[in-house]
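**Student:** Below is a structure I'd like to ask you about.
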């Protein structure tokens, strides 16, 4: 399949304070009123841009997650937000739930760099699955539901535990994923790593970049319910698993298009490509205990050491059904000005 042609380019204009993070955008979702919501894998904040015209989003506003949800670690430690989703007046977000290894640096000796490769760590904030009420373009801690009298919308997170959260506790003895949850394998080395999020009614879908099992990617489904005023627990303590044939690739993002689920797929390891978009039809009818083979619909361009498609969202500012894609490690020509970045629109 040839690379998908770029239908349009969209300029994302951030404030100067976001300059060091414009190359780390890892999640994107177009919400109501044409607000664009974004997350970085290096911060504990959520960013909002407003529609200006057919080629520009601007008026950048920061939202500190800690203003709405208590974090298990200081706000200076990243959440590593890898997925955003909007459903029923909630903006949902998910951290990577992953370990990471220090990288070699060009200014250090071989001996020091080899030693750096022994350094592994994870951070408590990475194990967040949370929701924040989104009302009239603003994130709020709580609010009456605009359409359902008597229902209160509240910011909340999946309950934190010593292993990370209740989901990690549930997965620790899983036949397929338990060994990866127990191990300290970094996400970019086929370790456990959540990078996609979609919410369909009460069903929350989590796409795993890793592990990929003999070429099969994994997607989890959970349902959450209140466990106090600001905590959530797994409904019935359960989760579901889906095994998806992405030709050896892992899941880099998820988004809904009507009744279908779009999957952005890319390498689970630290590689440039390939990068593809798949369509999994009729999400509501998805069955467990089956091997799923979605249809590939797009081949996304990628670079040499850069231009790694990291997030996508349905893009409605066009007559043609399309997606807006943002990149990790964007090429220099994608970085105009001090703090701006260019995203691509692809026809579906």
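The values are calculated or read from the model by the stated rules, or taken from the named source; none is laboratory data. Everything numeric in this text was worked out from a predicted model, so none of it was measured. Cβ placement follows ideal geometry from the backbone for every residue including glycine, while neighbour counts extend to all protein chains displayed.
**Student:** Name every residue in region 175-190 that is touching a strand residue (DSSP E or B) at 6+ places or on another chain (Cβ under 8 Å) and under 14 Å from residue 220 (Cα atoms), in order of residue number.
**Tutor:** 176, 177
**Student:** Only one of 13, 9, 102 is touching a helix residue (DSSP H, G or I) at 6+ places or on another chain (Cβ under 6 Å) and either surrounded by fewer than 16 Cβ atoms within 10 Å (Cβ to Cβ) or touching a residue at least 40 places away in the same chain (Cβ under 8 Å) (or both); which?
**Tutor:** Result of the check over 13, 9, 102: 102.
**Student:** Any idea which residue in region 261-316 is modelled with the lowest pLDDT, counting only those that are touching a helix residue (DSSP H, G or I) at 6+ places or on another chain (Cβ under 9 Å) and surrounded by fewer than 16 Cβ atoms within 10 Å (Cβ to Cβ)? Walk me through it before giving the result.
**Tutor:** Filtering region 261-316 down to residues touching a helix residue (DSSP H, G or I) at 6+ places or on another chain (Cβ under 9 Å) leaves 261, 306-307, 316.
The next check asks that each one be surrounded by fewer than 16 Cβ atoms within 10 Å (Cβ to Cβ); those that pass are 306, 316.
Numbers: 306: 92, 316: 83.
Step by step, filter region 261-316, then rank; the result is 316.
**Student:** Something else about it: Here is a list of conditions, (1) in contact with a helix residue (DSSP H, G or I) (Cβ under 9 Å, 6 or more places away or on another chain); (2) surrounded by fewer than 18 Cβ atoms within 10 Å (Cβ to Cβ), and residue 224 meets all of them except one; can you say which number that is?
**Tutor:** (2)
**Student:** Quick check on my filter: what residues within region 44-59 are surrounded by fewer than 20 Cβ atoms within 10 Å (Cβ to Cβ) and in a strand (DSSP E or B)? Full working, then the answer.
**Tutor:** Restricting attention to region 44-59, the residues satisfying the condition of being surrounded by fewer than 20 Cβ atoms within 10 Å (Cβ to Cβ) are 50-56, 58-59.
Of everything in region 44-59, those that are surrounded by fewer than 20 Cβ atoms within 10 Å (Cβ to Cβ) and in a strand (DSSP E or B) turn out to be 50, 51, 52, 53, 56, 58, 59.
**Student:** Residues being assigned to a strand (DSSP E or B) and surrounded by fewer than 14 Cβ atoms within 10 Å (Cβ to Cβ): count how many of those fall in region 145-160. Step through it out loud before you land on a result.
**Tutor:** Restricting attention to region 145-160, the residues satisfying the condition of being assigned to a strand (DSSP E or B) are 152-154, 156-158, 160.
From the residues that got through so far, the ones that are surrounded by fewer than 14 Cβ atoms within 10 Å (Cβ to Cβ) too are 152.
Residues flagged as assigned to a strand (DSSP E or B) and surrounded by fewer than 14 Cβ atoms within 10 Å (Cβ to Cβ) within region 145-160 amount to 1.
**Student:** From 47, 20, grab the single residue that is without any contact (Cβ under 8 Å) to a residue 24 or more places away in the chain and under 20 Å from residue 335 (Cβ atoms).
**Tutor:** None of the others qualify; the one that does is 20.
**Student:** Ok, one more. List the number of the failed condition for residue 38; all other conditions in (1) under 30 Å from residue 191 (Cα atoms); (2) in contact (Cβ under 8 Å) with a residue 60 or more places away in the chain; (3) surrounded by fewer than 20 Cβ atoms within 10 Å (Cβ to Cβ) hold.
**Tutor:** Exception for residue 38: condition (3).
**Student:** Can you confirm whether residue 199 is part of a helix (DSSP H, G or I) and either within 26 Å of residue 249 (Cα to Cα) or touching a strand residue (DSSP E or B) at 6+ places or on another chain (Cβ under 9 Å) (or both)?
**Tutor:** Judged against the criteria, residue 199 is not a match.
**Student:** Out of region 257-282, which residues are over 16 Å from residue 301 (Cα atoms) and in contact (Cβ under 8 Å) with a residue 40 or more places away in the chain? Even if it seems obvious, please write down each step before you answer.
**Tutor:** First pass over region 257-282, keeping only residues over 16 Å from residue 301 (Cα atoms): 257-262, 268-270, 279-282.
Result: 257, 261, 262, 268, 269, 270.
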